[in-house]
1. Ranked highest first by average number of other Cβ atoms within 10 Å, how do 250-263, 408-421 line up?
2. Once the whole set of protein chains is in place, how much accessible area is left on K80, using a 1.4 Å probe, in Å² to the nearest 10?
3. Report the charge-dipole magnitude of segment 214-344 in Debye, nearest 20, computed about the Cα centre from +1 at each Lys and Arg Cβ and -1 at each Asp and Glu Cβ.
4. So what's the net charge close to S334: Lys and Arg +1, Asp and Glu -1, counting the other residues with Cβ under 11 Å from its Cβ?
5. Largest first and in whole Å, what are the equivalent-ellipsoid semi-axes of segment 230-289 based on the Cα gyration tensor, each being the root of 5 times an eigenvalue?
6. Can you tell me the length gained on complete extension of the stretch D137 to A249, counting 0.36 nm per residue apart and subtracting the Cα distance?
7. Report P(r) for segment 190-329: all Cα-Cα distances, bin width 5 Å, range 0 to the bin holding the largest distance, values in whole percent.
8. D86 to R353: FRET efficiency via 1/(1 + (r/R0)^6), r the Cβ-Cβ distance, R0 30 Å, to the nearest 0.05?
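The values are calculated or read from the model by the stated rules, or taken from the named source; none is laboratory data. The shown structure was predicted, so the numbers you read here are calculated from the model rather than taken from an experiment. Quick reminder, even Gly has a Cβ in these numbers, built from the backbone with ideal geometry, and neighbours come from all protein chains shown. Side chains are part of the model used for accessible areas, which takes the heavy atoms of the whole protein and leaves out ligands, DNA and RNA. Shrake-Rupley method; radii C 1.70, N 1.55, O 1.52, S 1.80 Å.
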Amino acid sequence: MSAPDSGPGTAAAPGARRRPPRRLTRTAVVLASCLAVLVAAVVVAVRALGQEPTVTLLANWTGGDEQIFRRTVIDPFERKYHIHVDYQGSSAESQVLSADVESGTPPDVAVLTGPGELAAYAGQKQLQPVEDLISGDAFSASWATPLNGHVYWFPLKADLKSIVWYPAGTGGQRLKQAAGRPDQWCLGMGSGATSGWPGTDWIEDILLQQSGPRTYEQWARGKLSWRDARVQRAWTTWGHMVGAGGPRALVLRALRTEYQNASGLLTRKQCTLEHQASFIRNRTAWQDADGRYVPSGRLIPGATAHDTWEVSGDLAALLHSTPAARKLIRYLASTEAQRNWSAGESGFTVDSRARPDSGADGASAAWHRSLAATLLDDRAVHCFDASDAMPPSVRDAFAEAAIEFLAHPGRLDDLLTGLDALRGAHGLTWVPSVCDRS
């Protein structure tokens, strides 16, 4: 029970705290409110004047993905370090970065999907080493690949690619029967300036599953001819599976469908299976179908590899070594950021310190836990997306060849001869490692 107020002229008990007059209390509240408003105004003014430390960041996340990235990664960084992140999201980030570098105004930090593209920038002295900003035991050499004695990138987000999605209830024999019918594959080759990459994913994965990681790594590093029988077999296997050169309507459907809309063909009951990376898991069509996945090697004819996975990643690199940019790189490589990004089922980490069972609270679905565990499994073999690891000129020609082959498979010899000639061009930078074990 509170003691009563002491009346006028009444002495307070020894040690008692006097309650301030109500007028003073109101004054203090008003002053505190004004101070809070003043502080907020100063923060806004400082940012407007450009006096707050700022770091520029380019990545490919837009729309909903950008919102997730801002909420789970950028906002916590800004609150923690009081550094403003000027974020630019673009689905054509490679073209944007190339133009920015050419004009002399590159971002401080860039997140790209291709180690081959980053290796080219490193060769041009556009990237800064980051090995002193990341933990040495967080990422394997296939993810944070040493190049000329330095590490120039590391994965912020990772995905599995050697998987096939199917609706719940389509297991067993029905699944294998569907895989043998070209019209049952949900395939979209469109992707703006990078159209064709869904086809390269197919061919890469088939080669990996049929011929193993050693052959795959030789080819991805430019040490194996495109006309090698094993490489040709991967192309022709893909052609048979998806009906290359087959019914005109089927081929046109694949060529005219954007990759992000391929899952919608499932809703219209035009197909049953989709060979696509784990990032496709949140598409509405697969959520409505209670989508499940199976390792692609179980459905690829002639597959002999076991527990071997093609993977992809969004790789962070440093272009300007400013204090703010270095803090951002260090944060992106931290267990905190890696865990935050993967906890909301927005991506996966391959940081061994940030396993889902060590605190991530969003990975509740069984398939999500399974995919995350596969990416972190030391017993499995993980090979980076081959075309992403190739020099940009080879990567782009590969994607164009995949489109041409789908429409005209009889041109395969010419296409492979052209790719082989490009492989031998001077001045190309090939990454030294693609698979974590081969």
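1. 250-263, 408-421
2. Around 110 Å² of this residue is reachable by solvent.
3. In debye, rounded to 20, segment 214-344 gives about 260.
4. +3
5. On the way: eigenvalues 107, 46, 17 Å².
Each semi-axis is the square root of five times an eigenvalue, giving 23, 15, 9 Å.
6. Gain on extension, D137 to A249, equals 35.3 nm.
7. 2, 8, 15, 18, 18, 15, 10, 6, 4, 2, 1, 0
8. 0.55
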